[in-house]
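First the structure, in the form of structure tokens, and then the observations on it.
The values are calculated or read from the model by the stated rules, or taken from the named source; none is laboratory data. Since the model is a prediction, treat every value here as computed from it, not as a measurement. When we count neighbours, we look across all protein chains shown, and the Cβ atoms used for this are built from the backbone with ideal geometry, even at glycine.
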């Protein structure tokens with residue numbers, strides 16, 4: 001082998017290649033280090049060097065001096081000014097999903113949750129000394145709440161704001177029915193309303209339409225007064241309802257057939273979805289309209305026949321205690337497609353027709369007023385005079401008498417303001433002022449004027465049932481709330497949220513086994529909870545309450561074909577004890593705790609809840625301990641559950657059951 005060949009092989013070996021590459025990289029690193037170290041100057045240290053370095057400093061000074069004598073120092077390089085990178089743009093607002101399942105952008109980054117702060121304060125004891133708490137807010141201390149006692153047996157059917165005898169005695173005048181209106185006591189009940197002796201779990205719907213337990217409503221006054229009119233009778237341990245009424249002795253079904261024949265356009269269950277029955281008796285009219293897919297809200301005062309509404313509710317018919325006296329009823333304008341009065345004992349023409357003008361406010365444009373009464377068909381002079389007064393008044397408010405047959409007369413309300421505008425100057429009754437809000441009803445006096453219809457036709461052109469349940473109505477745009485462009489999306493998002501939530505309740509908690517009939521939603525929003533119950537096929541009705549502390553969405557609820565009322569939960573509700581099978585409250589307490597007493601609200605819930613009924617409270621985690629503590633003092637069995645968002649969410653569900 002030649003020596004040259006050996007050298008060539010060595011050059012080709014991987015080891016030599018590695019050595020050459022390493023040497024090249026080392027030289028490059030030394031060059032770059034020297035280059036950048038010369039062009040970079042370190043800032044002065046912000047603190048003095050310690051005395052231990054004095055010797056090194058002296059040596060360095062000597063070397064520098066010697067070098068300066070050998071050759072002149074080069075000019076100093078300019079110091080590089082190093083600036084920090086620019087900050088990213090500040091994000092001020094973004095979006096979250098609110099409690100209704102809708103996208104919301106109403107929060108600031110850096111804000112805080114007052115509930116979380118309150119919870120932190122209560123945990124750490126760092127509450128500011130002398131800090132004033134809101135007047136309605138409960139004490140959040142850990143002091144146990146004593147168990148509530150039963151009220152006196154005489155309060156078995158007690159409605160606090162309607163049974164305030166002391167306030168009623170102080171009234172100067174009761175000629176217009178002021179004694180049947182709300183007069184809430186300053187001191188609320190601090191006890192539990194007892195059921196009547198022998199109370200049983202109510203008979204489920206639809207059997208309850210025809211019979212209820214005697215011991216659940218042990219009052220025979222209506223049997224004595226109306227037994228001959230086929231209203232109600234006693235059979236052994238039950239009340240039986242044959243389906244008759246004062247003006248329809250042969251039954252409500254036959255009576256409804258007659259109305260349908262008189263007014264072909266009324267189309268129950270399609271165009272006519274929501275009706276009002278005034279002076280309802282035992283609510284057989286509304287009970288039989290249910291099977292025609294029409295929801296009828298039955299109203300009557302707590303008068304000499306004081307248990308009318310109690311019988312209606314025990315039967316499972318939508319009902320509420322209400323009176324035509326001096327204040328507006330708690331329902332919005334254009335709420336009902338039909339208003340019915342069969343011998344309802346109301347003088348519609350008194351005080352310049354102010355009571356019929358209140359009906360006009362609540363009647364939807366193009367809706368029907370059905371009046372079955374003696375002046376329609378009897379010929380005595382005084383009754384004929386009443387008929388003439390009624391015809392004159394209805395013509396003055398532009399109602400059209402479209403049919404008079406037998407003992408029934410039917411009028412129709414106009415679709416717009418054209419008839420009102422054609423009336424001469426000074427016509428009576430006058431139109432209401434343009435600034436009058438016809439949906440403002442909480443403790444508002446009735447007004448002797450004609451409620452104007454919206455010029456844009458809002459309320460008159462709702463869809464037919466069942467499409468109207470999910471079609472966002474045009475009146476949605478008239479609600480006084482923050483959003484405007486996105487309102488339809490918010491309503492649809494709320495409906496989707498509650499459908500998914502209620503579907504999980506039905507599936508996980510077996511709601512179909514509850515046999516729910518009477519349901520209360522204490523903070524209804526746009527009625528998404530009630531719509532979900534309808535979509536899921538639960539055979540129940542929902543009283544959708546819109547609290548006065550929030551946006552008035554009640555017109556939208558009625559436009560969707562549902563029923564409800566305005567209310568302030570700082571006061572008791574106008575219904576009998578033991579009304580509802582299920583009470584639902586979503587984010588109510590976190591809103592009302594600053595105005596109302598939480599304990600008082602829950603005691604009112606117990607008053608309205610049937611034995612064996614259920615309460616579902618969806619609210620902030622910070623309130624759960626307090627709510628569960630009150631539930632225990634009331635005697636409910638309760639448990640806190642996670643929501644679908646999981647265990648780390650700030651919301652929980654408190655589920656309570658009232659024992660029989």
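Things to note:
- Residue match in segment 530-537 (condition: free of Cβ contacts under 8 Å to residues at least 24 places away in the same chain and either outside the structural domain of residue 330 (by TED's automatic domain parsing) or under 25 Å from residue 275 (Cβ atoms) (or both)): yes
- Subset tally (residues that are modelled with pLDDT under 95, out of contact with any strand residue (DSSP E or B) (no Cβ under 8 Å at 6 or more places or on another chain), under 25 Å from residue 559 (Cα atoms) and crowded, with 17+ Cβ neighbours inside 10 Å) for segment 260-286: 1
- Test for residue 248: is it crowded, with 22+ Cβ neighbours inside 10 Å, within 25 Å of residue 375 (Cα to Cα) and not assigned by TED's automatic domain parsing to the domain that holds residue 370: yes
- Qualifying residue in segment 382-394 (condition: under 38 Å from the mean Cα position of the chain (by Cα) and in the same structural domain as residue 333 (by TED's automatic domain parsing)): yes
- Exclusive hit being closer than 11 Å to residue 278 by Cβ and in contact with a helix residue (DSSP H, G or I) (Cβ under 6 Å, 6 or more places away or on another chain), set 387, 348: 348
- Qualifying residue in segment 240-259 (condition: in a loop (DSSP other than H, G, I, E, B), free of Cβ contacts under 8 Å to residues at least 40 places away in the same chain and touching a strand residue (DSSP E or B) at 6+ places or on another chain (Cβ under 6 Å)): no
- Of all residues in segment 468-485, those that are at pLDDT below 95 and either assigned to a helix (DSSP H, G or I) or closer than 25 Å to residue 651 by Cα (or both) total 8.
- Complete set of residues in segment 377-405 that are in contact with a strand residue (DSSP E or B) (Cβ under 9 Å, 6 or more places away or on another chain) and modelled with pLDDT under 95: 377
- In a residue-by-residue description of segment 250-258, the property of being touching a helix residue (DSSP H, G or I) at 6+ places or on another chain (Cβ under 9 Å) and closer than 26 Å to residue 153 by Cα applies to no position.
- Filter pass, residue 658 being more than 20 Å from the chain's Cα centre (by Cα), closer than 20 Å to residue 149 by Cβ and surrounded by fewer than 18 Cβ atoms within 10 Å (Cβ to Cβ): no
- Filter pass, residue 452 being at positive phi and not assigned by TED's automatic domain parsing to the domain that holds residue 476: no
- Check on residue 492, under 16 Å from the mean Cα position of the chain (by Cα), part of a loop (DSSP other than H, G, I, E, B) and over 27 Å from residue 203 (Cα atoms): no
- Condition check for residue 181: closer than 20 Å to residue 326 by Cβ and either in contact (Cβ under 8 Å) with a residue 60 or more places away in the chain or crowded, with 16+ Cβ neighbours inside 10 Å (or both): yes
- Selection within segment 560-573 - in contact with a strand residue (DSSP E or B) (Cβ under 8 Å, 6 or more places away or on another chain) and either assigned to a strand (DSSP E or B) or surrounded by fewer than 22 Cβ atoms within 10 Å (Cβ to Cβ) (or both): 563, 564, 565, 566, 567, 568
- Subset tally (residues that are more than 18 Å from residue 181 (Cβ to Cβ) and not in a loop (DSSP other than H, G, I, E, B)) for segment 298-333: 7
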